[in-house]
Amino acid sequence: MNGASTAEQIRSLTERLEEAEETLRAVRSGEIDAFIVQGPRGEQVYALRSAEQPYRNLIEDMLEGAAILTTDGDVAYCNKRFADLVAVPLEDVIGGAMERFINHTDRPAYRSLLLAGSGKRRAQLKTADGRIIDVLLSFTTSTSDDVERRNLIVTDLSELLIAQSGRDRAEQQSQAKDEFMAMLAHELRNPLSAITAAVQVLEAAKGHEGAASRARFIIGRQVQHLSRLVDDLLDVGRVVTGKIALDRRAMDFCDLVRRTAAVFTEREADHQFSVNTTPVWIDGDAVRMEQIVSNIIGNAVKYTPVGGKVTISLSVEADEAVLRVQDDGFGITPELLPRVFDLFVQGERTLDRSQGGLGIGLTLVRRLVGLHHGTVSVSSEGPNCGSLFTVRLPKVAAIGTTSVVGDSPRACAVQRRVLIVEDNRDAREMFRMMLEFDGHQVIEAEEGYAGLQLLRAQAPDVAFIDVGLPGLDGYEIARRFRCESDGKRPDGRKVLLVALTGYGTPDALERSRRAGFDHHLIKPVNPEALYRLLNDDEGLRSHGAISGASSATVAAAGGAGVVGSAMAI
């Protein structure tokens with residue numbers, strides 16, 4: 001080898017060494033991601049670890065579970081998120097079968113997806129700690145060194161499904177409220193239409209006392225129906241928010257059931273009724289217990305076609321009074337059965353159902369029965385198989401007598417001097433006529449300042465004052481009058497002040513008491529309660545404090561124990 005050749009070789013080796021050093025420097029500095037190598041199989045690409053690192057970080061840090069599976073479904077690799085999803089340590093996941101984490105019902109579909117090598121499917125994972133997780137499985141296939149692998153991405157759907165469920169519930173509630181408002185308008189128009197027609201009959205029925213009497217009866221019945229609708233609306237809010245108080249005492253439940261059933265047997269002549277009761281006493285609020293019984297029987301009538309049968313039975317089982325109301329009507333679908341006692345829920349309405357309703361009566365029943373430490377349940381074999389409602393209440397020992405709201409006969413009326421302060425002209429006129437028919441002397445005012453002047457000048461026995469008056473409201477009238485010599489008449493007796501209001505909540509009662517009112521009557525006023533108040537000489541002398549438990553103090557038309565028409569004021 002001559003010197004020139006040797007020098008050439010040295011220079012070539014030096015250049016290749018410099019090139020190798022430069023390549024090594026570039027590799028170390030991260031400037032090179034991969035090499036292309038010529039071999040028997042042609043050019044092959046070899047990626048450096050530094051080039052793979054960003055992709056590894058992406059997979060390891062992603063919020064979805066990721067796994068590489070063999071074509072047989074064994075886990076060759078998974079990220080930490082996947083291990084966390086299935087609640088198994090990372091080292092215990094790799095090498096095992098993926099199928100062990102798939103819920104049994106989803107395994108056939110999983111195998112099909114694994115065999116196909118691509119696609120998406122919703123499934124459930126069964127974790128090591130016993131949880132079931134809804135997930136989305138996404139499969140793709142890749143090949144490396146002639147080896148085929150399945151790439152799996154697992155997306156946890158739990159939060160999405162919770163959000164979707166919340167949205168669905170909100171939509172259902174919104175729809176239920178829309179339907180309720182439409183139903184409320186319908187239910188209010190029905191009695192108002194009947195009342196309007198009855199008034200026209202009264203105007204045209206000169207000399208036809210029979211037609212006039214029937215028109216008056218219809219007006220009274222429809223006003224009572226309106227009052228019950230309003231009562232249910234108010235009561236459901238009080239019961240749901242826990243703002244209702246019970247006046248519980250030992251009572252003859254058998255007597256109450258029979259009296260309530262009698263109202264329906266007289267009114268619903270198109271239905272067949274069977275009533276079978278056993279004497280039993282309970283500790284209950286008479287007003288609320290009649291509301292419970294009336295709502296259940298009314299529900300049975302509403303969902304039973306003309307000619308259908310309603311069976312009412314009261315029995316004693318162990319230490320419980322058991323009320324059962326069964327009908328052979330439309331029945332309840334399996335889908336509706338669990339939600340019968342939910343607010344605004346009703347069965348399907350048909351054209352031949354004239355009873356109507358707002359979908360709140362059974363909600364009241366459940367809450368009120370619960371306040372009495374009882375239970376209520378419903379069963380039905382399905383559509384057109386009728387339904388059975390069962391109420392169970394703790395029984396108590398019977399006592400000698402019981403007082404029933406509204407059952408006491410009217411005594412001879414005592415004439416009173418009465419002041420009415422009411423800004424609604426029609427309501428004031430009807431209230432005045434009702435009192436004058438009972439023999440009372442009535443004076444009236446239509447706004448607050450005039451009412452206070454009459455109260456001062458006339459010093460009546462009783463003053464009925466609407467709390468919502470123009471100028472000077474009813475509360476201010478009571479406060480000012482009580483501050484003037486304690487609101488006494490010239491003979492030293494106090495004037496009985498009665499608040500007229502549409503509010504019957506504990507807060508409303510307390511506000512009336514603080515203003516100086518002696519009683520609190522809810523509009524429309526219960527005529528029986530009004531009659532008892534005006535004929536209670538002891539009450540007029542003593543002026544007992546306002547109490548929500550007194551039927552004469554807080555009463556609305558159509559209340560429990562009162563059968564007949566109501567006067568709206």
Beyond 20 Å, the calculated P(r) of region 248-318 holds a percent of Cα-Cα pairs equal to 29 percent
Give me the number: length gained by fully extending Arg425 to Gln441, i.e. 0.36 nm times residue separation minus the C-alpha to C-alpha distance, one decimal in nm. 3.9 nm
In region 84-149, carbon and sulfur make up what percent of the accessible area (probe 1.4 Å)? 49 percent
Förster radius 30 Å - calculated FRET efficiency between Glu335 and Asp72, Cβ distance, rounded to 0.05: 0.10
Express in nm, to one decimal, how much length is gained between Arg100 and Arg216 on full extension, taking 0.36 nm for each residue of separation and deducting their alpha carbon distance. 34.1 nm
Using the per-residue mean of other Cβ atoms lying within 10 Å as a proxy for protection, in what order, highest first, do the peptides 267-278, 462-473, 304-315 fall? 462-473, 304-315, 267-278
Chain lengthening between Gln172 and Arg258 when straightened (0.36 nm per residue, less Cα-Cα): 27.1 nm
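The values are calculated or read from the model by the stated rules, or taken from the named source; none is laboratory data. Since this is a predicted model, take the numbers as computed values, not measurements. Cβ coordinates were reconstructed from backbone atoms using ideal geometry, including for glycine residues, and neighbour counts include every protein chain displayed. Quick note on the areas: whole protein, heavy atoms, side chains included, nothing else; ligands and nucleic acids left out. Shrake-Rupley method; radii C 1.70, N 1.55, O 1.52, S 1.80 Å.
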